[in-house]
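The values are calculated or read from the model by the stated rules, or taken from the named source; none is laboratory data. If you're wondering where the values come from, they're calculated on a predicted model, not measured in any experiment. Cβ coordinates were reconstructed from backbone atoms using ideal geometry, including for glycine residues, and neighbour counts include every protein chain displayed. Protein only, heavy atoms only, side chains kept; ligands, DNA and RNA dropped before computing areas. Shrake-Rupley method; radii C 1.70, N 1.55, O 1.52, S 1.80 Å.
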Amino acid sequence: MALYSDKVMDHFQHPRNVGKMEDADGIGEVGNAKCGDIMRMYIKVDEEKRISDVSFITFGCGSAIASSSMATEMIKGKPIDEVLTLTNKAVTEALDGLPAHKLHCSVLAEEAVKAAVKDYYDKNGIAYDPETLKEGECAACHLNDVHADNP
Ligand code: FES
């Protein structure tokens, strides 16, 4: 069986919504200190508090690029409340899976989305429950330190 699903390869080779957004309402930048990968997510929010546009730039591995691409597709057009429930697990499932040692790459996508929403809230003085914006969790990473072993 191939290590990466067709969807992962597709989003890695043809990433959706790539690029810097000049007039973003929120920008989230996150990184993984161990592998050195960095992901930046830009969101545009309309009057109805929906993500009207989203784009990303990822300096990182193929799984991180595929995860960020998929995450943008999953949140585009969605209400912010719904976007905040995005998990790395959902991103991984939408990609038809990632190898265990690459699950942490999808965590970056979840965190980048949340960081962009937090930036939007902060810039607009909107109060929020910090619990909804806490960092993503990768069960595999917590079980074994895959970041260190498999960057
Ligand atoms: Fe760093 Fe994938 S995000 S190896």
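Results, tabulated for the structure shown:
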read-out: Portion, in percent, of the accessible area of the stretch 1-59 that falls on carbon or sulfur, probe 1.4 Å; value: 51 percent
read-out: Relative compactness, the stretch 2-69, computed as alpha-carbon Rg over 2.2 N^0.38 Å; value: 1.21
read-out: Residue-level accessible surface for Leu133, protein heavy atoms, 1.4 Å, Å²; value: 30 Å²
read-out: Degrees between helix 62-75 axis and first principal axis of the chain (Cα, 0 to 90, nearest 10); value: 30 degrees
read-out: Two-site FRET efficiency, Asp23 against Glu73, from Cβ-Cβ distance with R₀ of 25 Å, rounded to 0.05; value: 0.75
read-out: Neighbour cut-off at most 12 other Cβ (10 Å), DSSP loop, GluC sites (Glu not before Pro), the stretch 82-135; value: Glu135
read-out: P(r) of the chain over all Cα-Cα pairs, binned every 10 Å from zero, in whole percent; value: 12, 45, 33, 9, 1
read-out: Rounded tilt (10° steps) of 103-123 against the dominant C-alpha axis of the chain; value: 10 degrees
